[in-house]
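Some notes on the structure that comes next.
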Amino acid sequence: MIQVEPDIQQKLVILGSEAADEVTDVPATRSIQQGIRHATGFIYTARQEGGGTTRLFKVLQTNACRFACAYCFTSCAIRRRRTTFRPDELATTFVILKQQQRVDGLFLSSGIVPDADTTMEKMLATVERLRFKEGYSGYVHLKLIPGASFEYIERAVELADRVSLNLEAPNPERLALLAPDKEFTESMWGRLRWASEVMRRARQEGRRAARSLTTQFVVGAAGESDRELLETVQRAHRELGLWRAYFSAFHPIERSLLADQTAEDPARVMRLYQADFMLRDYGFLYDELPFDAQGRLPRDKTPKEAWAEQHLREPIEINRAPRQLLLRVPGIGPRSADRIIAARREARLRDLSQLRALGVTTGWAAPYVLLDGRRPALQLRLW
Ligand code: SF4
């Protein structure tokens with residue numbers, strides 16, 4: 001049979017669509033509940049560290065892969081058409097999309113073939129071409145390939161704005177069920193540690209380097225508990241300076257090793273993000289998360305509400321509480337806490353409409369607060 005090499009447009013369709021499972025942003029609660037993915041073909045929206053969003057061209061360098069990860073569409077266990085972008089082809093394609101003002105940045109991932117270093121060489125050649133030949137200085141998110149050598153990890157950190165490596169599972173035992181060809185401790189966690197170290201050194205020396213490090217987990221395919229996932233996330237925040245963990249609800253892929261397994265409930269993913277916010281942004285400790293005996297977070301309420309029900313016995317005076325205490329009240333986030341502190345310098349806060357105007361979800365906060373010494377009238381919760 002004669003094999004015809006796909007043209008660039010066909011490669012774009014194949015390699016853009018197969019990058020879909022890489023999460024680029026924390027989905028809005030409504031999107032998770034309704035299973036909405038914010039994407040137009042191969043263009044995705046992502047949040048940036050300093051605030052604001054960006055449109056990313058999300059693409060694979062190649063969908064050829066020698067691994068057989070059970071959750072992955074690109075797995076070599078599944079027969080499908082394989083193709084590869086040459087670095088010059090991919091760089092040119094990105095430049096055209098940029099000139100057409102359809103994208104702001106690049107998110108580049110890849111299948112692994114024939115090995116980690118060869119794969120990273122191609123990805124790095126693509127970004128080097130963009131940076132040094134096409135003069136592109138904008139946003140690049142580059143995946144690190146498990147098992148790649150130190151010099152490739154170091155180069156990726158030098159070239160990109162964000163680097164990431166998907167741990168997929170919280171520990172080696174769970175990973176073995178999902179991705180039997182992958183090794184957790186050295187090839188994955190160890191490479192994240194290298195990247196974190198290179199970033200730290202670059203910051204100290206004032207050199208340009210990636211500013212953030214992220215990872216992603218497949219949720220619900222390996223029998224892992226919420227506790228196991230969040231324990232690893234907490235460790236990654238502490239030891240690697242992880243900027244964010246992303247969670248992807250498992251969905252079975254036809255003809256894959258886990259084709260018969262049921263899809264994970266997206267509500268679980270929402271609770272994991274909420275618990276991670278508690279660790280990252282709200283000052284909670286891992287030991288304070290409200291797990292049940294099986295290590296599960298509650299599904300019928302947010303983890304912060306579950307914590308408040310058990311621990312916030314006395315209402316908190318909004319006009320006096322320090323920021324770290326305000327952040328413990330359900331419905332008050334970092335931004336609304338800052339607004340409350342600014343507003344109460346001007347005038348005492350006396351009713352819920354004032355809190356609502358400051359961005360507080362008052363239906364959640366009302367049972368736990370005092371406003372100028374008085375409990376506010378409780379409202380019925382809508383959600
Ligand atoms: S290494 Fe695993 S997750 Fe990555 S592309 Fe290959 S099969 Fe998919």
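Quick look at the values:
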quantity: Residues located in segment 187-206, provided they are of a type outside the set (A, V, I, L, M, F, W, C) and in contact (Cβ under 8 Å) with a residue 12 or more places away in the chain; calculated: Ser187, Arg191, Arg193, Ser196, Arg200
quantity: When residues of segment 76-131 are limited to those that are away from the ligand (no atom under 16 Å from the Cβ) and assigned to a strand (DSSP E or B), the one surrounded by the fewest Cβ atoms within 10 Å (Cβ to Cβ); calculated: Gly105
quantity: Candidate set: segment 145-190, residues that are assigned to a strand (DSSP E or B) and more than 13 Å from the ligand (Cβ to nearest atom); chosen: the one surrounded by the fewest Cβ atoms within 10 Å (Cβ to Cβ); calculated: Arg162
quantity: Count of segment 202-258 residues which are crowded, with 20+ Cβ neighbours inside 10 Å and at positive phi; calculated: 1
quantity: Unmet criterion (only one of (1) more than 20 Å from the chain's Cα centre (by Cα); (2) part of a helix (DSSP H, G or I); (3) within 14 Å of the ligand (Cβ to nearest atom)) for Arg203; calculated: (3)
quantity: Any hit, segment 39-57, residues being surrounded by 16 or more Cβ atoms within 10 Å (Cβ to Cβ), within 15 Å of the ligand (Cβ to nearest atom), more than 15 Å from Ser17 (Cα to Cα) and at pLDDT below 95; calculated: no
quantity: Verdict on Leu279 being farther than 30 Å from Arg348 by Cβ, aliphatic (A, V, I, L, M) and out of contact with any Lys or Arg (no Cβ under 7 Å at 6 or more places or on another chain); calculated: yes
quantity: Subset of segment 58-75 (residues that are more than 7 Å from the ligand (Cβ to nearest atom), closer than 30 Å to Gln100 by Cβ and assigned to a loop (DSSP other than H, G, I, E, B)); calculated: Gln61, Asn63, Ala64, Phe73
quantity: Some residue of segment 290-303 being of a type in the set (A, V, I, L, M) and farther than 24 Å from Asp338 by Cα; calculated: yes
quantity: Options Leu326, Leu349, Leu312, Leu358; residue that is over 26 Å from Asp276 (Cβ atoms) and of a type outside the set (S, T, N, Q); calculated: Leu349
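The values are calculated or read from the model by the stated rules, or taken from the named source; none is laboratory data. Just so we're clear, the structure is a prediction, and the values are computed from it rather than from any experiment. Heads up, the Cβs are rebuilt from the backbone with ideal geometry, glycines too, and the neighbour counts pull from every protein chain shown.
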